[in-house]
Amino acid sequence: MLPPIAMMPSPKQILRERMKGERCIAARARPDAAETAARHAARNFLSAVDIPDGAIVSLYYPIKDELDTEPLAAALTERGTTIALPVVGAKNRPLIFRAYQPGDELIAGAYGEQVPTEDARQVRPTIIVAPLLAFTRAGGRLGYGGGYYDRTLEALRANAQSEGDILAVGFAYGVQEVDALPLEPLDQPLDWVATEREAFKT
């Protein structure tokens, strides 16, 4: 009996593994590297991205070597901006968002991330700060393969009241930038990218 044929990894899978390594190196370059990068990225975000009155900003609760959003959450809260965290509901469905303030109780989510409890108010964000493995100058984003952010952005943009009502901001280390990505029709573009080096409109 012939052994099963091993499936060759896709270009996206290969790139994901490579970029996980790049992100890990950036996060652990020195003892305070991750903390310092998070503060600089938060500063760059706030100096570049317009946050209208009444905006709701969705952050992510970092896992593994993702760039920390805690300094950004603290700064937004100090400004009086409502923030939220994403929650995975049904598989292959858009994310839902629950209001959050630093210090609120959190519970384990579907992928080991921390999410607000079920009694937290559900909200509709207008600015989505998205984690990623790689990004391009043109706004391409490489996620983890689940498609949650792509489905979410597609749904929110389809129901936006006006162009620019929904902004997607990639939040990452500068080393996660690549020249090109193997994008697919489902992949939703980023409007902005903020790193510890800079923030730029795509």
| request: Identify all residues within the stretch 76-104 that are assigned to a loop (DSSP other than H, G, I, E, B) and either in contact (Cβ under 8 Å) with a residue 12 or more places away in the chain or basic (Lys, Arg) (or both); write none if there are none. | output: 81, 88, 91, 92, 93, 94, 95, 101, 102, 104
| query | Has the stretch 149-172 got any residue that is under 16 Å from the mean Cα position of the chain (by Cα), surrounded by fewer than 17 Cβ atoms within 10 Å (Cβ to Cβ), farther than 22 Å from residue 44 by Cβ and not acidic (Asp, Glu)? | reply | yes
| query | So, of the residues in the stretch 150-179 that are among the small types (Gly, Ala, Ser) and in a helix (DSSP H, G or I), which turns out to be nearest to residue 66 (Cα to Cα)? | reply | 174
| Does the stretch 116-147 hold any residues that are of a type in the set (Gly, Ala, Ser), exposed (fewer than 13 other Cβ atoms within 10 Å of the Cβ) and either closer than 17 Å to residue 61 by Cβ or at pLDDT 95 or above (or both), and which are they? | 138
| What number goes with the only condition from (1) surrounded by 11 or more Cβ atoms within 10 Å (Cβ to Cβ); (2) modelled with pLDDT of 90 or more; (3) in a loop (DSSP other than H, G, I, E, B); (4) not charged (D, E, K, R) that residue 54 does not pass? | (1)
| Does the stretch 34-46 contain any residue that is modelled with pLDDT of 90 or more and more than 18 Å from the chain's Cα centre (by Cα)? | yes
| Is it fair to say residue 137 is more than 22 Å from residue 26 (Cβ to Cβ) and basic (Lys, Arg)? | no
| field | Residues that are over 14 Å from the mean Cα position of the chain (by Cα), part of a loop (DSSP other than H, G, I, E, B) and closer than 23 Å to residue 29 by Cα, drawn from the stretch 180-202 | value | 196, 197, 198
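The values are calculated or read from the model by the stated rules, or taken from the named source; none is laboratory data. Small disclaimer: the values here were computed from a predicted structure and weren't measured. A quick note on method: Cβ atoms are made from the backbone with ideal geometry, for glycine too, and the neighbour counts reach across all protein chains shown.
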